[in-house]
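Values quoted throughout were computed directly from the atomic coordinates according to the rules given, and no laboratory measurement underlies them. This structure is a prediction, so every number in the text was calculated from the model and none was measured. Counting neighbours? That spans all protein chains shown, and the Cβs are built from the backbone with ideal geometry, glycine included.
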Amino acid sequence: MLNGQSAQMLDEIDFAILAYLQNDATITNAELAKKIELSPSACLGRTKRLKENGIIKGYTAIIDEQKIGLEVVTYVFVTLATHDRRTTEAFLKSVRKIPNVLECYNISGGYDYLLKIICPTIKDYRDFVIDTLIEVPGVGKVETSVVLSTEKQSFQLPLSVSRLWKNKKTAGGR
């Protein structure tokens with residue numbers, strides 16, 4: 001996790017690098033350096049620092065799930081059977097190993113976890129729930145919402161609303 005000291009070291013150039021990389025992670029260092037008006041070596045150094053500090057977690061290709069036959073996306077609310085450290089750790093250890101589980105969030109409210117799960121068909125999802133999900137240690141109850149259509153999907157963080165960006169703009173007098 002990013003510590004406070006590293007967070008304070010972000011400046012407008014760092015945010016510009018992040019913005020360009022979010023938009024196109026395949027941009028070359030030379031192209032990026034030109035866009036942000038830095039030397040290639042300075043740009044590469046900053047990009048490496050952002051990665052070393054864990055701000056850039058990695059790079060990936062965004063694949064259209066429909067075009068590769070993964071047509072059913074669900075959000076699954078999970079309530080654990082018991083609420084103790086051992087049960088929670090066993091649940092999380094198992095969930096992290098399941099490729100169909102794309103995301104897992106510990107949430108507040110009436111449920112303990114929210115999972116984003118993807119499967120080829122609704123029958124595959126049903127089988128997944130019966131054969132895999134309810135077999136995960138600690139699962140007490142599951143409730144599913146099936147995505148009917150995706151109206152907006154973004155993988156870019158809104159950098160302009162980051163409290164660090166606002167602090168930099170205010171501190172710099174802009």
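Packing around the peptides 55-66, 89-100, taken as the average count of other Cβ atoms within 10 Å per residue, puts them in this order, highest first: 89-100, 55-66. Ignoring solvent entirely, what values of log10 I(q)/I(0) come out of the Debye formula for segment 96-163 at 0.12, 0.23, 0.27 Å⁻¹ when each Cα is a single scatterer? Summing over Cα pairs of segment 96-163 leads to -0.42, -1.20, -1.44. Think of it as helices only: each DSSP H run of n ≥ 4 in the chain is worth -39500 (n - 2.57), and spread over all residues that comes to -12000 deg cm²/dmol at 222 nm.
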